[in-house]
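The values are calculated or read from the model by the stated rules, or taken from the named source; none is laboratory data. All of these numbers come straight from a predicted model, not from anything done at the bench. All Cβ positions, even for glycine, are placed from backbone atoms using ideal geometry, and neighbour counts span all protein chains on display. Accessible surface areas use protein heavy atoms only, side chains included; no ligands, DNA or RNA. Shrake-Rupley method; radii C 1.70, N 1.55, O 1.52, S 1.80 Å.
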Amino acid sequence: GVPGWSYAFRHLIPTLLAAGDRVIAVDLPGFGKSDKPKKEAAHSERWHAQVVQELVERLDARAVVLVTHGLNAMVALGVPLAAPERFAGLLAINAWLADAQVQTPNKALQKWTEQLARKPRLSIGEQMARADSTIAEAEWPAWDAPFPDSGYRAALRAFAAIALAPQDAEWARQVLHFWREQWSGSSLLIAGGKDVLVDANAANRLQQHIRGAGEAVVIPDLGHFISQHGADVALRAVEYFSPLRNTSESF
């Protein structure tokens, strides 16, 4: 999600590894430890999805359970289109599908993205702690580390707009058509009951676009950054996707 990186999954990954899964934690271009193109125009849902598609092909990952969190869901959901036979499951955590025609984002989300876009010296760690009180001050430097100055924040500025409304309508149409009409894998949708960024109905709206998906699992006491409490989420996922384990190479 925006503005996260693989550090967000540090509590979730050990449980998955202990269950015998292979874990591939991706930092999208412009985020985390990945390269950071400095032109906002370089960042689009379609291009970011293509980058991950190429990584999946290069690693020859198969029977993949795709994990997505937060405001980059359109990127993640676009990844299987190039090679759907490689994907067996979807784990969506507080995932938000932007659609200005259906739902106006809540004020907290609008303010969040506006500050990411317009405040070049904004402390990402402090901002995330305001959105989720479970994020300790000692963790702020890890969230700030990928963005030492404004020159590294082109992706933040670009995705501030992408999070609120699709920037490539044709791409969004293709992605949603795939998930509504062609997806045949298992899907687990998880939402935090105290999420202030993604409204309570976001998971239900996403569920309507995912063929065969059941109702979202709501964890009442957790907010937006559910992966901060990854052990519980991971255990639910391990149990849910256990029927795939005989064939799964990646998670």
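Taking amide hydrogens as placed 1.01 Å from N in the peptide plane, the amide H of Leu91 sits under 5 Å from those of Leu66, Val67, Thr68, Leu188, each at least 5 positions away in sequence or on another chain. Overall, the chain carries a charge dipole of about 400 debye about its Cα centre when +1 sits on the Cβ of Lys and Arg and -1 on the Cβ of Asp and Glu, all other atoms neutral.
Assign unit charges at the C-beta atoms only (+1 for Lys and Arg, -1 for Asp and Glu), then state the dipole size of the range 126-203 relative to its Cα centre in Debye, rounded to the nearest 20. Computed charge dipole of the range 126-203: roughly 240 debye. Rg of the Cα atoms in the range 1-148, relative to 2.2 N^0.38 Å, amounts to 1.09.
Looking at the range 35-98, which trypsin sites (Lys or Arg not before Pro) are in a loop (DSSP not H, G, I, E or B) and have at most 14 other Cβ atoms within 10 Å?
Values: sites: Lys38, Lys39, Arg46, Arg58, Arg62, Arg86; in loops: Lys38, Lys39, Arg62.
Of the trypsin sites (Lys or Arg not before Pro), the ones in loops of the range 35-98 whose Cβ has at most 14 other Cβ atoms within 10 Å are Lys38, Lys39.
Can you grab the distance from the C-alpha centre of the range 115-194 to the C-alpha centre of the range 68-95, Å, no decimals? With the range 115-194 and the range 68-95 each reduced to a Cα centre, they are spaced 14 Å. Counting only residues at least eight positions apart within a chain, or on another chain, the aspartates and glutamates with an alpha carbon under 18 Å from that of Lys194 are Asp132, Glu215, Asp221, Asp232. Taking amide hydrogens as placed 1.01 Å from N in the peptide plane, the amide H of Val217 sits under 5 Å from those of Leu189, Ile190, Ala191, each at least 5 positions away in sequence or on another chain.
Working value for the range 50-96: equivalent-ellipsoid semi-axes of 18, 11, 8 Å, each the square root of 5 times a Cα gyration tensor eigenvalue, largest first.
Take the solvent-accessible surface of the protein heavy atoms, probe 1.4 Å, and return the percent of it on the chain that carbon and sulfur atoms account for. Each step should come with its number before you reach the end.
Working: 5830 of 11740 Å².
Ligands and nucleic acids excluded, carbon and sulfur give 50 percent.
Mind checking the per residue accessible area of the chain for me, 1.4 Å probe, whole number of Å²? It would help to have the intermediate numbers written out before the result.
On the way: 11740 Å² over 251 residues.
Computed with neighbouring chains in place, this is 47 Å² per residue.
Across every direction, the projection of the convex hull enclosing the Cα atoms of the chain has a mean area of 12.0 nm².
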